[in-house]
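The block underneath contains the structure these notes are about, expressed in structure tokens.
The values are calculated or read from the model by the stated rules, or taken from the named source; none is laboratory data. Here the structure is a predicted model, which is why all the values come from computation and not from measurement. Positions of Cβ are generated from backbone atoms using ideal geometry, with glycine treated the same way; all protein chains shown enter the neighbour counts.
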Amino acid sequence: MGLEMRVKRAILRELARRYQRGRKKEKTRVLEEFIGLTGYNRSYGSWLLRNCGRKVVLSGGDGQRVVFIGEVRPIRRRRARVYDEEFKRVLVWLWELLDYSCGKRLVGSLRWLVPKLVEQRELRVKKAVQQKLLQVSAATVDRLLRPERKRYELKSRARTRPGTLLKHQVPIRTFAEWEEGKPGFLEIDLVGHDGGNAQGEFLYSLNATDVASGWIETEAVRNRAQVWTFQALEKIKQRLPFALLGIDSDNDGAFINDHLVRYCQENNLTFTRSRPYRKNDNCYVEQKNYSVVRRLAGYLRYDTEEEQRLLEQLYCRSRLYYNFFQPNMKLVSKERVGSRVIKRYDNPKTPYQRLLESPALSSEQKAWLRRTYQELNVVKLKAEIDRLKERLWRLQKVKKNCPNFRIDSYVRQ
């Protein structure tokens, strides 16, 4: 590498004399010869040829001066900082507000979230900072947030993460084919809150996820008895902003029962189940089990009526937060190149935005969604969610009767 750099310097010294004395056509020929020999790009090559043997002063953005005297050395020309500490402070606040999203999802949200927060006077910053928030790239966001992410990293995680493969249903009763591009087909699953102790009764969360839009509804149930599961499913159906067309579940006895099968038959609903021991068949709801239920409720044990009431209040707020303000990215295509699989995703969109784009919803349904969105304040919504989570975790400290009880040892973010 050293010899190669000495050769480049020798070539530069030899050609710089011809370049600096020659006319335009001669300069062009010398520049072409120089970049062909050294591999430099055209702009950097012409800069070296112009300034070889001369004293060049480069002013950095922080007021420092760098002196360069006619040598081929790697020089980092300083630029003024575009994103200062004030911008980073606002960016970190927005990142926490959107539940620590990745750069691509966060940038996709800023385009519509910043104007809404400014209108509601929740975000009060200079116009220049607002403009930077609207034009910042995902790569820059990830770079600026890298130190903050390290603060929240865990050394280990409990339990496995959900899979990423697409769903394959094994139908039980079918009145229509699954239409994954049409809202109304839900994957459902039960998430247990046993806290590592499966003895006795404890609460469950019924999680329902729409395949097309990512719309999520969650209900707390007393136990996994069929009567409570069906009751929670009825509540979810009443809250959906679209018609329920089909249900896909695993092979849990809470779902595979005569009562639910008969209900689907009477209401002309598609009812399918996944293959045994194949969680990837329900990949959409399995992913939400982690990103929504576990991130909200953690891995603690809930088994009292007060905890069930708090979970119901928490899910009542979180459904608005995730459906109207949390974007998701849907897989568009997969391509295998050798041993690598290249996945391409669409632009980040919230379930609310995907429903507005769907032709399956009526104008009245879309108008209701728009009115609901206009009435929501994401800052107050996030504060209420955090307050309810804190109350849930405080109950654990009382139950365990331990003053040194630490929530972070039980909750996995």
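Side notes on the structure shown:
- Picking from residues in region 246-280 that are closer than 17 Å to Ala208 by Cβ and β-branched (Val, Ile, Thr), the one that is modelled with the highest pLDDT is Ile247.
- Selection within region 348-376 - within 22 Å of the chain's Cα centre (by Cα) and either part of a strand (DSSP E or B) or loosely packed, with under 13 Cβ neighbours inside 10 Å (or both): Lys349, Glu357
- Neighbours by Cβ (under 6 Å, 6+ apart or cross-chain): first from region 112-123, in a loop (DSSP other than H, G, I, E, B); second at pLDDT 90 or above: Gln120/Asn377; Glu122/Val379; Leu123/Leu117
- Residue match in region 92-112 (condition: closer than 30 Å to Arg18 by Cβ, of a type in the set (S, T, N, Q) and at pLDDT 85 or above): no
- Selection status of Glu219, at pLDDT 90 or above, surrounded by fewer than 24 Cβ atoms within 10 Å (Cβ to Cβ) and either over 30 Å from Lys399 (Cα atoms) or not hydrophobic (A, V, I, L, M, F, W, C) (or both): yes
- For the criterion of being among the hydrophobic types (A, V, I, L, M, F, W, C), in the same structural domain as Arg224 (by TED's automatic domain parsing) and not in a helix (DSSP H, G or I), Val293 fails.
- Which listed residue is in the same structural domain as His193 (by TED's automatic domain parsing), among the acidic types (Asp, Glu), touching an Asp or Glu at 6+ places or on another chain (Cβ under 8 Å) and closer than 30 Å to Val398 by Cα, from Glu312, Glu307: Glu312
- Which listed residue is modelled with pLDDT under 90 and outside the structural domain of Lys389 (by TED's automatic domain parsing), from Arg89, Arg78: Arg78
- Any chance Ile236 is surrounded by fewer than 23 Cβ atoms within 10 Å (Cβ to Cβ) and under 22 Å from Tyr290 (Cβ atoms): yes
- Residue in region 31-38 that is without any contact (Cβ under 8 Å) to a residue 12 or more places away in the chain, hydroxyl-bearing (Ser, Thr, Tyr) and surrounded by 12 or more Cβ atoms within 10 Å (Cβ to Cβ) present: no
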